[in-house]
Amino acid sequence: MSQAGAGFAEESKGTIKVAQLYPRDMNIYGDWGNALVLQRRIGWHGYTPELVEYNVGDEFPEDVDIIVGGGGQDSGQLVIQDDLQARAGVLKDLAEDGAPMLLICGLYQLFGRFFETRTGAVIPGIGVLDVETHGTDERLIGNVKVSTPEFGEVLGYENHSGQTTLGSGVRPLGTVPKGTGNNSSDGHEGARYRNIVASYLHGSLLPKNPAIADFLIRTAAERKYGTFVPGNPDDRYAELAREHAARRPR
Ligand code: GLN
């Protein structure tokens, strides 16, 4: 299929299918923007984007190349918990097989071992990530700057009361020169495991951090086609957004 318009290659290099997990219940502070950035950048790289949604009770989409999941209130997490458990097998298999995933806040927590809410209720996670989360009375809120070894400086916005600690099976996405990140004690933000990037950062994350978007796209293309041939993304808006985000106070 060819896509007309500046920045698009004439001939598609192949399809990349992005599945958004639970956008009906888990999609706050603009997290939908992550899926839209992937859709646009996949096109800019000369591939054909296919964006599908998966909500509670849906049939799980086949041949998914990238998974994205957003944040949600504790109430949204309660709504999806049973369905998520029913999909634990397919999501674990995809993760272990190297499928790229971006998991933000509420779904980051539920891809871990468990989330114990402030009231002591335990929402089981699916254990893809070796992390655990405990609800607190402290709300961690504001703009965040993360120093990462893989993606340079990552910028975003956090708003959570759950505090996450990492086990030895994952490594942090980075450390926080500004903001709090995973918890108020160890200075780490997010988690990395295989091709999963998990983070507390909304904003949404990918419009301001195209390096992460391109990691997900490159990994998906290499996994599916054996190689990734990049195109020419237009990063002017991303650069402007980064400049503004970096200037914001905590
Ligand atoms: N309910 C969770 C918390 O407050 C997740 C919040 C979110 O996804 N923004 O920790």
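Return yes or no: is A99 out of contact with any helix residue (DSSP H, G or I) (no Cβ under 6 Å at 6 or more places or on another chain), open to solvent by less than 10 Å² (accessible area, probe 1.4 Å), under 18 Å from V64 (Cα atoms) and not charged (D, E, K, R)?
yes
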Which of (1) of a type outside the set (S, T, N, Q); (2) free of Cβ contacts under 8 Å to residues at least 40 places away in the same chain; (3) under 23 Å from A211 (Cβ atoms) is the odd one out, the single condition H134 does not satisfy? (3)
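Mind listing just one residue for me: the one in the range 22-34 that is assigned to a helix (DSSP H, G or I) and touching a helix residue (DSSP H, G or I) at 6+ places or on another chain (Cβ under 6 Å) and, of those, nearest to G69 (Cα to Cα)?
Here is the first cut: in the range 22-34, the ones assigned to a helix (DSSP H, G or I) are 32-34.
Those left that are additionally touching a helix residue (DSSP H, G or I) at 6+ places or on another chain (Cβ under 6 Å): 33-34.
Numbers: G33: 11, N34: 9 Å.
Ranking the candidates gives N34 first.
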Output the number of residues of the range 70-91 satisfying the condition of being open to solvent by less than 10 Å² (accessible area, probe 1.4 Å) and more than 10 Å from the ligand (Cβ to nearest atom). 3
Any idea how many residues of the range 208-237 are more than 19 Å from K178 (Cβ to Cβ), open to solvent by less than 70 Å² (accessible area, probe 1.4 Å) and in a helix (DSSP H, G or I)? 9
Is it the case, given these coordinates, that P149 is surrounded by fewer than 21 Cβ atoms within 10 Å (Cβ to Cβ), within 25 Å of E96 (Cα to Cα) and at pLDDT 95 or above? yes
Inside the range 35-69, can you point out the residues that are small (G, A, S), closer than 24 Å to I80 by Cα and part of a loop (DSSP other than H, G, I, E, B)? G57
Output the residues belonging to the range 92-128 that are within 16 Å of the ligand (Cβ to nearest atom), assigned to a helix (DSSP H, G or I) and of a type outside the set (A, V, I, L, M). C105, G106, Y108, Q109
Right, H134: in a strand (DSSP E or B), open to solvent by 10 Å² or more (accessible area, probe 1.4 Å) and either within 16 Å of the ligand (Cβ to nearest atom) or out of contact with any strand residue (DSSP E or B) (no Cβ under 8 Å at 6 or more places or on another chain) (or both) or not? yes
Under 7 Å between Cβ atoms, which residue pairs at least 6 apart in sequence (or on different chains) link something in the range 32-51 that is free of Cβ contacts under 8 Å to residues at least 24 places away in the same chain with a partner that is open to solvent by less than 10 Å² (accessible area, probe 1.4 Å)? Q39/V18
Which residues, counting only those in the range 138-157, are of a type outside the set (A, V, I, L, M) and within 11 Å of the ligand (Cβ to nearest atom)? E138, R139, Y157
Has the range 25-35 got any residue that is under 30 Å from A121 (Cα atoms), of a type in the set (S, T, Y) and in contact with a Gly (Cβ under 7 Å, 6 or more places away or on another chain)? yes
Consider only pairs whose beta carbons are under 8 Å apart and that are at least six residues apart or on different chains; among these, list those whose first residue lies in the range 9-25 and is touching a residue at least 40 places away in the same chain (Cβ under 8 Å) and at positive phi and whose second residue is assigned to a strand (DSSP E or B) and of a type in the set (A, V, I, L, M). none
Out of the range 159-207, which residues are under 11 Å from L129 (Cα atoms) and more than 16 Å from the ligand (Cβ to nearest atom)? G167, S168, G169, V170, R171, R192, Y193, R194, I196
For the range 183-207, what are the residues that are under 22 Å from P23 (Cα atoms) and open to solvent by 20 Å² or more (accessible area, probe 1.4 Å)? N195, G203, P207
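The values are calculated or read from the model by the stated rules, or taken from the named source; none is laboratory data. Just so it is clear, the model here is predicted, and its values are computed rather than measured. Every residue, glycine as well, gets a Cβ built from its backbone with ideal geometry; the counts of neighbours run over all protein chains shown. Note: accessible area is taken over every heavy atom of the protein model, side chains too, but ligands, DNA and RNA are not part of it. Shrake-Rupley method; radii C 1.70, N 1.55, O 1.52, S 1.80 Å.
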